[in-house]
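J.: First, the structure itself, so that you have it in front of you.
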Amino acid sequence: MDPVPPEAARRVLTRARIASVTAAAAATVVPGAIALDGGRIAYAGPVEGLPEGFADAERVDCEGRLVTPGLVDCHTHLVYAGDRADEFERRLGGATYQEIAAAGGGIASSVRALRAASEADLTAQSLARLKRLTAEGVTTVEIKSGYGLDTGSELKTLRVARRLGGLAGVTVRTTFLGAHTVPPEWKADRGGYLDLVVGEMLPAIVAEGLADAVDAFMETVAFSGDEVRRVFAAAKAAGLPVKLHADQLTAGGGAALAAAFGALSADHLEYTDEAGARAMAGAGTVAVLLPGAFYFLRETRKPPVELFRRHGVPMAIATDCNPGTSPLTSLLLAMNMAATLYGLTVGECLAGVTREAARALGLASEIGTIEAGKRADLAIWDAERPAELVYALGANPLHARIHAGVLHPATAAAA
Ligand SMILES: [Zn+2]
């Protein structure tokens, strides 16, 4: 006889301190119970209000622990091969980006390594990184392609990304980032490369159902606004939402362009101006802040957090996990950086890795808050209040995480 699927388990979390992530900036905590049924949240609130029918359900005593929505890392490039530690060491020794690039380093080295890696090897290397995220309470992660840059290698990347979710007990959303950089073999023919992206890669990816969104890197060192428009028009025609790496190193009008296409998010945004922030607010485009890259590149120009607040642009926080500019696999540390480097409040940090990160993936109605009807994605912490999650550097207070109703104790959270 088949065992009852664990995701169907009816469970009640009792004596929880429930972090309610609401529209208010402050993160409030209320004592209560959370009922789970069939992988969904059936109830969250005072224990007296627990619906009938849960009397015989399995009890999980939280013993007063903080319970937040499962964390959502809404911007990563975590499927890659090898690393760039050598390049990092050369930079510490004084080498410039130009010298490193001339020696075959930089993103070109990640492209070579990914193309050479087998699917099995790429899966194993990427799974190790993904487990470091889940060990800190992540239940949904976005993964971009963009180190393959030929049709076969982009498909390989996205297939690996799709498979990782089942291996790690986490929801994976995939994003096609063929317009990450122009690969070496197309340097003399940018238009030809974009023909390949929109005419061959995208249709092949859509045919296999391998992407949930399309992203591009708009920057002086990557793609122009006109080039991005071409990619976005093709994405829209294929029925896929878009996201954009925008205004990271220079002011290029990326935020406004993203908003014009109704993008789910515009990401980085260090150089975004008020017109860009206003456009994003109007389009409901989420500002995804990536303080790991800001830190690692020793940038000094901060994203305009005050403008985002004033115009009501939702702010999310992500790791940007990638080998070149943000080799970061801790969303808790990204929260601390967003607070320390960018001045976000504790409430903004918690919302930034839950409700707003869900919105940046188009999943606002499905995950990101603790509400009846949403998927049972939760993180249980050895903590009393959200400030503790943002405050500690290098600590991991995760007690357990719950993904689609399945309980993963912290000792096995990464398994
Ligand atoms: Zn990125």
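J.: Rounded to a whole number, what is D in µm²/s for segment 101-229 from Stokes-Einstein with the Kirkwood radius over alpha-carbon pairs (25 °C, 0.890 mPa s)?
T.: Translational diffusion coefficient: 161 µm²/s.
J.: Hey, another quick one. Have a look at Thr325, Gly373, Asn396 and report the one farthest towards the positive end of the charge dipole of segment 281-415, computed about the Cα centre with Cβ charges (Lys/Arg +1, Asp/Glu -1).
T.: Thr325
J.: Over 10 Å intervals from 0, what percent of Cα-Cα pairs in the chain sits in each interval?
T.: Result returned by the calculation: 5, 23, 32, 25, 11, 3, 0.
J.: Also, I was wondering about something else. Across segment 63-70, in residue order, what do the Karplus-derived ³J(HN,Hα) couplings come to in whole Hz, using 6.51 cos²θ - 1.76 cosθ + 1.60 with θ = phi - 60° and x for Gly and Pro?
T.: With coefficients 6.51, -1.76 and 1.60, one gets 6, x, 6, 6, 10, 10, x, x Hz.
J.: Quick check: net charge around Ala277, other residues with Cβ under 10 Å of its Cβ, Lys/Arg +1 and Asp/Glu -1?
T.: Net of charged neighbours comes to 0.
J.: Using every Cα-Cα pair within segment 297-382, state what percent have a distance larger than 19 Å.
T.: The calculated P(r) of segment 297-382 puts 45 percent of pairs beyond 19 Å.
J.: I've got another one for you. Springs between alpha-carbon atoms under 10 Å, Gaussian network over the chain: tell me which of His180, His268, His311 tops the mean-square fluctuations.
T.: Checking each option, the largest mean-square fluctuation is seen for His311.
J.: Still on this structure, I have one more. What residues have an amide H closer than 5 Å to that of Arg40, excluding those fewer than 5 places away on the same chain, when H is modeled at 1.01 Å from N in the peptide plane?
T.: Under 5 Å from the amide H of Arg40 lie the amide H atoms of Ala376, each far enough along the sequence or on another chain.
J.: May I pose another question? For the chain, what proportion of DSSP beta bridges, expressed in % and rounded to the nearest 5, is antiparallel?
T.: That works out to approximately 45 percent antiparallel.
J.: Moving to a separate point now. Along the three principal axes, how long is segment 137-294 when you take its alpha carbons, biggest first, rounded to the nearest angstrom?
T.: Result, largest extent first: 45, 41, 29 Å.
J.: Would you count, across the chain, every pair of lysines whose alpha carbons are under 28 angstrom apart, provided the pair is eight or more residues apart or spans two chains?
T.: 18
J.: Can you give the net charge of the other residues whose Cβ lies under 13 Å from the Cβ of Tyr342, counting K and R as +1 and D and E as -1?
T.: Counting the neighbours of Tyr342, the net charge comes to -1.
J.: Ranked highest first by the average count of other Cβ atoms within 10 Å around their residues, in what order do 389-400, 279-290, 88-99 fall?
T.: Going by the mean number of other Cβ atoms within 10 Å, highest first, we get 279-290, 389-400, 88-99.
J.: Please list 3J(HN,Hα) in residue order for segment 127-138, calculated via the Karplus relation 6.51 cos²θ - 1.76 cosθ + 1.60 where θ = phi - 60°; whole Hz, with x for glycine and proline.
T.: Here the 3J(HN,Hα) series is 4, 4, 5, 4, 5, 5, 5, 5, 4, 10, x, 6 Hz.
J.: With the dipole of the chain worked out from charges on the C-beta (+1 for Lys and Arg, -1 for Asp and Glu) around the Cα centre, which of Leu164, Gly192, Ala116 lies farthest toward the positive end?
T.: Farthest along the dipole direction, towards plus: Leu164.
J.: Return the sequence-ordered ³J(HN,Hα) values of segment 398-404 in whole Hz as given by the Karplus equation 6.51 cos²θ - 1.76 cosθ + 1.60 applied to θ = phi - 60°, using x for Gly and Pro.
T.: Using θ = phi - 60°, the values come out as 5, 9, 6, 10, 10, 10, 6 Hz.
J.: Sequence-distant or interchain residues sharing an amide H contact under 5 Å with Leu407, placed H: which?
T.: Close amide H contacts, sequence-distant or interchain: none at all.
J.: Here is a further query. Can you tell me the dipole magnitude for segment 324-415 around its Cα centre, using point charges on the Cβ only (Lys, Arg +1; Asp, Glu -1), in Debye to the nearest 20?
T.: So the magnitude is around 160 debye.
J.: Under a point-charge model restricted to the Cβ atoms of Lys and Arg (+1) and Asp and Glu (-1), what is the dipole moment magnitude of segment 7-147 relative to its Cα centre, in debye to the nearest 20?
T.: Computed about the Cα centre, the dipole is about 240 debye.
J.: If one computes the Cα centroid of segment 125-177 and of segment 357-415, what distance in Å separates the two points?
T.: 19 Å
J.: Leaving ligands and nucleic acids out of the surface, order Asp189, Asp56, Asp73 by accessible area at 1.4 Å, largest first.
T.: Order by accessible area, largest first: Asp56, Asp189, Asp73.
J.: Viscosity 1.567 mPa s, temperature 4 °C: give me the Stokes-Einstein translational D for segment 342-415 in µm²/s, with Rh taken as the Kirkwood radius over C-alpha pairs.
T.: 97 µm²/s
J.: In whole Å, what is the distance between the alpha-carbon centres of segment 62-92 and segment 185-220?
T.: Going from one Cα centre to the other spans 26 Å.
J.: How big is the dipole moment of the chain about its Cα centre under a simple scheme where the beta carbon of each Lys and Arg is +1, that of each Asp and Glu is -1, and everything else is neutral? Debye, nearest 20, please.
T.: 160 debye
J.: Non-local amide H neighbours of Val138 (under 5 Å, H modeled in plane, Pro and chain starts lacking H): which ones?
T.: HN-HN under 5 Å from Val138: Leu71.
J.: Sticking with this one: Using Cα pairs closer than 8 Å and at least 6 residues apart in sequence, work out the relative contact order for segment 254-353, in percent.
T.: For segment 254-353, the relative contact order is 25 percent.
The values are calculated or read from the model by the stated rules, or taken from the named source; none is laboratory data. None of the values given here were measured: they were computed from a predicted structure. When we count neighbours, we look across all protein chains shown, and the Cβ atoms used for this are built from the backbone with ideal geometry, even at glycine. Protein only, heavy atoms only, side chains kept; ligands, DNA and RNA dropped before computing areas. Shrake-Rupley method; radii C 1.70, N 1.55, O 1.52, S 1.80 Å.
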